[in-house]
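A.B. asks: Structure incoming, see below.
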Amino acid sequence: MKFSLFAHMERLTTDESQEQLYEEFIKLCVIADKGGMHAIWTGEHHAMNFTIAPNPFLNLVDLARRTQNVRLGTATIIAPFWHPIKLAGEAAMSDLIMDGRLDLGIARGAYTYEYERFDPELDAWQAGQKMRELVPAVQKLWEGDYTHEGEFWQFPKTTSSPKPKQNPHPPIWIAARDPSSHEFAISNGCNVQVTPLWNDDNEVVDLMAKFNAACDKNAHMPRPKIMLLRHTYVADSEEDAQLGADQMNRFYNFFGAWFMNKKPISQGLIEAPTEEEIANNPMFSAASHRKSSVIGEAQEVIGRLKAYEALGYDEYAFWIDSGMTFERKKASLERFIKDVMPSFNS
């Protein structure tokens with residue numbers, strides 16, 4: 001099982017400047033590269049100071065000049081916000097600049113807040129349909145001389161300019177949860193990204209079962225790769241692990257507030273959940289995060305990841321965004337590289 005880092009600029013308050021957050025993002029990515037991680041993934045979000053990531057290609061192109069070995073991936077491009085010709089060209093140009101290190105992760109998106117600002121008529125179902133139209137169109141544009149007559153886009157014979165460096169094209173990853181998303185990915189020759197979010201390892205098992213069922217249903221296609229994305233904190237003690245769980249719980253309360261899209265937002269920041277709201281949230285608690293998220297000292301983390309490897313996951317993405325200080329995130333990542341990853345080397 002390979003290991004990668006999932007990171008982008010995130011903040012719960014304005015205590016740190018955006019410039020400082022970006023420098024910290026770069027530092028974490030350089031540690032991942034020097035530490036032997038396989039890839040770095042960063043996402044796309046708009047008008048949200050919770051996750052500052054308007055164009056992952058910009059970040060990845062910058063990282064290509066600061067790193068040596070890691071693959072550089074979008075996790076994920078939000079499909080309904082892109083035209084197929086624009087995505088095909090920008091992804092290909094990025095792959096050229098990155099010397100063929102691009103992986104292209106694509107999803108339908110999750111936040112109603114963003115949908116409302118791009119298209120008031122857009123909902124999760126339509127976003128998913130756009131993703132299903134976008135992906136094969138991008139693949140055909142990379143082949144060239146492609147005419148498209150779809151539900152959402154129509155254009156005459158077109159070729160992506162430029163074409164990507166990788167042949168036939170960069171690996172495409174689809175963020176999947178329901179069986180139809182797994183089946184779409186596999187039937188279109190794409191890899192699969194999954195995340196259980198705050199759920200426990202029963203969800204990890206279920207996601208793999210859906211992937212395996214989709215592979216069986218598309219047995220004529222080569223078996224793709226599957227990556228598991230989980231919030232992770234490698235602690236130096238049980239006391240530190242408990243603090244990590246508490247901070248993760250606070251982060252997820254902000255995540256939940258954004259997802260529900262009911263609290264007021266000013267200057268791109270959502271009104272903070274109160275201590276009472278956090279304490280009484282029926283979905284999240286520090287105790288549940290201590291059990292479900294990958295939080296603990298190195299040996300505990302190794303045990304969790306060995307179980308994921310045994311299930312068949314090809315890659316594990318260390319989701320570092322957590323509302324913690326840079327110093328705590330850095331220390332956790334360094335412990336992961338030093339104390340966890342060697343247990344998986346051949």
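The values are calculated or read from the model by the stated rules, or taken from the named source; none is laboratory data. Just so it is clear, the model here is predicted, and its values are computed rather than measured. Counting neighbours? That spans all protein chains shown, and the Cβs are built from the backbone with ideal geometry, glycine included.
A.B. asks: Inside the stretch 146-177, can you point out the residues that are among the β-branched types (Val, Ile, Thr), buried (at least 18 other Cβ atoms within 10 Å of the Cβ) and more than 24 Å from GLN193 (Cα to Cα)?
C.D. replies: Answer for the stretch 146-177, where residues must be among the β-branched types (Val, Ile, Thr), buried (at least 18 other Cβ atoms within 10 Å of the Cβ) and more than 24 Å from GLN193 (Cα to Cα): just THR158.
A.B. asks: Separate question: Could you tell me whether the stretch 68-76 includes any residue that is surrounded by fewer than 21 Cβ atoms within 10 Å (Cβ to Cβ) and at pLDDT 95 or above?
C.D. replies: Step one: of the stretch 68-76, the residues surrounded by fewer than 21 Cβ atoms within 10 Å (Cβ to Cβ) are 68-69.
In the following step, the residues that additionally are at pLDDT 95 or above were identified as 68-69.
The answer is yes; a qualifying residue exists.
A.B. asks: Also, I was wondering about something else. Among the residues that make up the stretch 288-300, is at least one of them closer than 18 Å to GLU239 by Cβ, modelled with pLDDT of 95 or more and of a type in the set (Ser, Thr, Tyr)?
C.D. replies: Looking for residues that are closer than 18 Å to GLU239 by Cβ, modelled with pLDDT of 95 or more and of a type in the set (Ser, Thr, Tyr), one finds at least one in the stretch 288-300, hence yes.
A.B. asks: Within the stretch 155-172, is even one residue among the charged types (D, E, K, R), in contact with a strand residue (DSSP E or B) (Cβ under 9 Å, 6 or more places away or on another chain) and in contact (Cβ under 8 Å) with a residue 40 or more places away in the chain?
C.D. replies: Yes: one or more hits.
For every residue, the table says whether it meets (1) out of contact with any Pro (no Cβ under 7 Å at 6 or more places or on another chain); (2) crowded, with 23+ Cβ neighbours inside 10 Å; (3) touching a residue at least 12 places away in the same chain (Cβ under 8 Å).
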residue	(1), (2), (3)
ALA92	no, yes, yes
ASP99	yes, no, yes
LEU104	no, yes, yes
TYR113	yes, no, yes
PRO120	yes, no, no
GLU133	yes, no, yes
LYS140	yes, no, no
GLY144	yes, no, yes
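A.B. asks: Taking the stretch 36-54 as the search range and keeping residues that are out of contact with any strand residue (DSSP E or B) (no Cβ under 7 Å at 6 or more places or on another chain) and more than 24 Å from VAL194 (Cβ to Cβ), which one is surrounded by the fewest Cβ atoms within 10 Å (Cβ to Cβ)?
C.D. replies: Only one residue fits best here, namely PRO54.
A.B. asks: To continue, here is another question. If you scan the stretch 106-121, which residues turn out to be of a type outside the set (A, V, I, L, M) and at negative phi?
C.D. replies: ARG108, TYR111, THR112, TYR113, GLU114, TYR115, GLU116, ARG117, PHE118, ASP119, PRO120, GLU121
A.B. asks: Right, here's the next one. Scan the stretch 180-189 and give yes if some residue there is touching a residue at least 24 places away in the same chain (Cβ under 8 Å), under 23 Å from ILE40 (Cβ atoms) and part of a loop (DSSP other than H, G, I, E, B), otherwise no.
C.D. replies: no
A.B. asks: Which of the residues belonging to the stretch 59-114 are in contact with a strand residue (DSSP E or B) (Cβ under 7 Å, 6 or more places away or on another chain) and of a type in the set (Lys, Arg)?
C.D. replies: Once the filter is applied, which keeps residues that are in contact with a strand residue (DSSP E or B) (Cβ under 7 Å, 6 or more places away or on another chain) and of a type in the set (Lys, Arg), the stretch 59-114 yields ARG71, ARG101.
Condition check ((1) closer than 25 Å to SER293 by Cα; (2) at pLDDT below 95; (3) surrounded by fewer than 16 Cβ atoms within 10 Å (Cβ to Cβ)) across all residues:
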residue	(1), (2), (3)
PRO179	yes, no, yes
PHE184	no, no, no
GLY189	no, no, no
VAL204	yes, no, no
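A.B. asks: With the checklist (1) touching a Ser or Thr at 6+ places or on another chain (Cβ under 8 Å); (2) crowded, with 21+ Cβ neighbours inside 10 Å; (3) of a type outside the set (Ser, Thr, Tyr); (4) over 16 Å from PRO170 (Cα atoms) in hand, flag the one item ALA79 doesn't pass.
C.D. replies: The single condition ALA79 does not satisfy is (1).
A.B. asks: Could I ask something else about it? With respect to ASN280, determine if the residue is farther than 19 Å from SER332 by Cα and of a type in the set (S, T, N, Q).
C.D. replies: yes
A.B. asks: Check every one of the helices (runs of 4 or more DSSP H) wholly within the stretch 191-295 and list those with 2 or more residues that are under 27 Å from ILE337 (Cα atoms), among the aliphatic types (A, V, I, L, M) and over 21 Å from the mean Cα position of the chain (by Cα).
C.D. replies: Answer list for the stretch 191-295: 238-260, 286-292.
A.B. asks: Considering every residue within the stretch 55-67, establish whether at least one is farther than 30 Å from ASP15 by Cβ, surrounded by fewer than 18 Cβ atoms within 10 Å (Cβ to Cβ) and either in contact with a Cys (Cβ under 9 Å, 6 or more places away or on another chain) or among the charged types (D, E, K, R) (or both).
C.D. replies: no
A.B. asks: Where the second residue is at pLDDT 95 or above and among the basic types (Lys, Arg) and the first is surrounded by 18 or more Cβ atoms within 10 Å (Cβ to Cβ) and lies in the stretch 301-324, which pairs have Cβ atoms under 7 Å and are six or more apart or on separate chains?
C.D. replies: Filtered contacts from the stretch 301-324: GLU315/LYS2; GLU315/LYS225; TRP319/ARG230; ILE320/LYS329; SER322/LYS329; GLY323/ARG250.
A.B. asks: Further question: Looking at the structure I just gave you, is ILE337 touching a Gly at 6+ places or on another chain (Cβ under 7 Å) and under 20 Å from SER237 (Cα atoms)?
C.D. replies: yes
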